[in-house]
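Below: one structure, written as structure tokens.
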Amino acid sequence: MIMLSQAYRIASAKRTFVTRRVPLELMQSLVGGNGVSKPKSGDLVLAKIVQVGHHKFGERTDGRRAALFEGDEIILAYGHRYAPDQFEAVVPGSLEECHMVAAGGIAAQAISWHSKTKSPTVIQPVGLIADYSGKIINVSDFAVDESNLVELVPSVAVVGTSMNAGKTTSAAHIIRGLNKAGYRVGAMKVTGTGAGGDLWLMKDSGAYIALDFTDAGHATTFKVNSFDLMNIVDRLSQELIRFGCNAIVVEIADGIFQKETRELLENREFKARFPNVVFAARESLGATAGVQWLSNQGYSVSAVSGIVCASPLSTREITQHIDTPVYGLDLLIEPSISKSLLHFPSMTPELELA
């Protein structure tokens with residue numbers, strides 16, 4: 001069933017971060033009832049807040065946190081979520097009652113969550129958001145353009161043991177150091193769950209442009225296949241270069257045991273383009289094990305960083321077992337050190353994609 005002339009209702013709803021690339025004027029109708037097949041990841045949905053749970057706020061497109069109340073209508077995108085510190089969630093098979101599982105605006109069916117996380121906020125989908133003709137709108141419809149040529153610039157990737165290991169904070173300080181060294185830095189987060197906090201921090205630290213996988217057409221990257229993961233990398237890196245960035249800092253979400261993170265790190269093309277890695281860890285054993293795994297994969301681990309660096313004792317433990325430098329935030333922000341982390345590509349300026 002197509003509900004036409006719903007533009008005012010949709011425009012009156014609270015709109016979330018992951019929908020920011022979709023022009024509001026295109027959101028004209030709702031599709032619901034028996035006429036809807038299974039929602040797809042990235043489909044926009046108008047939903048009503050049934051019960052406020054863990055997420056009491058929704059992140060707006062401008063980054064402000066909007067308080068949520070029962071009865072509110074909110075614009076979300078369907079997506080799978082993988083977050084060991086919060087929710088495991090999947091796109092449901094229908095427009096059934098489900099959950100808001102991320103403040104950035106993800107609708108999904110929560111199937112497990114951390115013991116310290118409250119029950120998820122319950123939502124009732126009203127209908128999938130569509131254009132004038134009734135075509136369902138998906139965030140992938142508004143991705144940045146693909147490029148057949150891959151231009152290479154100096155780069156470093158930041159990966160870690162898990163979520164909340166200090167990856168984004170480390171990346172932000174590297175960006176700041178490179179900015180002070182005279183680089184026009186492009187930042188990109190290529191996996192994760194759609195949210196603006198990491199991008200705002202990267203921008204605040206001095207990134208000329210900061211993009212993430214939502215700019216490449218994905219609300220989240222959990223359950224995204226290897227080909228599409230590299231497509232995200234290609235789209236975002238070339239968009240940064242198109243805008244004049246001459247150095248790139250890449251963040252990969254979660255930890256190296258997470259399926260999509262591991263698949264991307266094991267990808268030969270990714271290794272060839274981003275061979276230098278900074279590894280963020282929570283503790284010394286994770287740091288040493290992660291460095292060893294990355295080294296076995298052929299990466300050059302430029303440094304260990306992350307929460308572990310807050311402890312001088314843990315830092316000492318790392319240095320007793322591996323030769324990799326351990327840099328706290330005070331060192332990552334230094335221009336000479338941040339520059340030393342970069343991989344400088346050969347003189348071949350472009351690679352043509354098959």
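Here are the numbers:
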read-out: For region 149-352: Kirkwood Rh in Å [reciprocal of mean 1/r, alpha carbons]; value: 16.5 Å
read-out: Cα pair distances in the chain, grouped into 20 Å bins until the bin that holds the longest one, percent each; value: 31, 54, 15, 0
read-out: Distance-filtered residues of region 81-119 - backbone nitrogen under 18 Å, label point 7 angstrom along Gln51 Cα→Cβ; value: 87-88, 96-102, 108-119
read-out: Top positive-direction residue, dipole computed over region 57-211 with Cβ charges, set His173, Leu149, Ala210; value: His173
read-out: Positive-pole candidate from Pro125, Ser346, Gln51, dipole of the chain, charges at beta carbon; value: Gln51
read-out: Alpha-carbon centroids, region 58-90 and region 267-305: separation in whole Å; value: 31 Å
read-out: For the chain: relative contact order, % (alpha-carbon pairs under 8 angstrom, 6 or more apart); value: 18 percent
read-out: Convex hull of region 205-285 built on C-alpha atoms - directionally averaged projected area, nm²; value: 6.3 nm²
read-out: Across Lys135/Lys271; Lys56/Lys339; Lys56/Lys189; Lys40/Lys339; Lys116/Lys259; Lys38/Lys203, pairs whose alpha-carbon gap is larger than 30 Å; value: Lys135/Lys271; Lys56/Lys339; Lys40/Lys339; Lys38/Lys203
read-out: Among beta bridges that DSSP assigns inside the chain, antiparallel share in %, nearest 5; value: 60 percent
read-out: Residue among Ser140, Ser340, Ser305 with the largest mean-square fluctuation in a Gaussian network model of the chain, springs linking Cα atoms under 10 Å; value: Ser340
read-out: GNM result for the chain, Cα springs below 10 Å: residue of Ala130, Ala102, Ala289 fluctuating most strongly; value: Ala289
read-out: Loop-resident sites, region 104-197, for chymotrypsin sites (Phe, Trp or Tyr not before Pro), counting at most 16 other Cβ within 10 Å (DSSP); value: Tyr132
read-out: Helix-only mean residue ellipticity at 222 nm for the chain, each DSSP H run of n ≥ 4 adding -39500 (n - 2.57), per residue, nearest 500; value: -7000 deg cm²/dmol
read-out: Cα principal axis extents for region 126-269, largest first, Å; value: 51, 33, 31
read-out: Residues Asp234, Asp323 arranged by fewest to most Cβ contacts within 10 Å; value: Asp323, Asp234
read-out: Residue-span extension gain [Ser336 to Glu283] - 0.36 nm each, minus C-alpha spacing; value: 16.5 nm
read-out: Sparse-neighbour loop sites [GluC sites (Glu not before Pro); region 1-103; at most 12 other C-beta within 10 Å; DSSP]; value: Glu70, Glu96
read-out: Restricting region 211-303 to chymotrypsin sites (Phe, Trp or Tyr not before Pro) in coil, as DSSP defines it, with at most 14 other Cβ within 10 Å; value: Phe243, Phe257
read-out: Mean Cα-pair separation over length for region 149-352, i.e. relative contact order, pairs under 8 Å, 6 or more apart, %; value: 33 percent
read-out: Fraction of the pair-distance distribution of region 2-142 above 17 Å, Cα-Cα pairs, percent; value: 54 percent
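Throughout, read-outs are computed from the coordinates displayed, never taken from laboratory work. Nothing here was measured: the structure is a model prediction, and the numbers come from that model. No Cβ is skipped: glycine too gets one built from the backbone with ideal geometry, and neighbour counts run over all protein chains shown.
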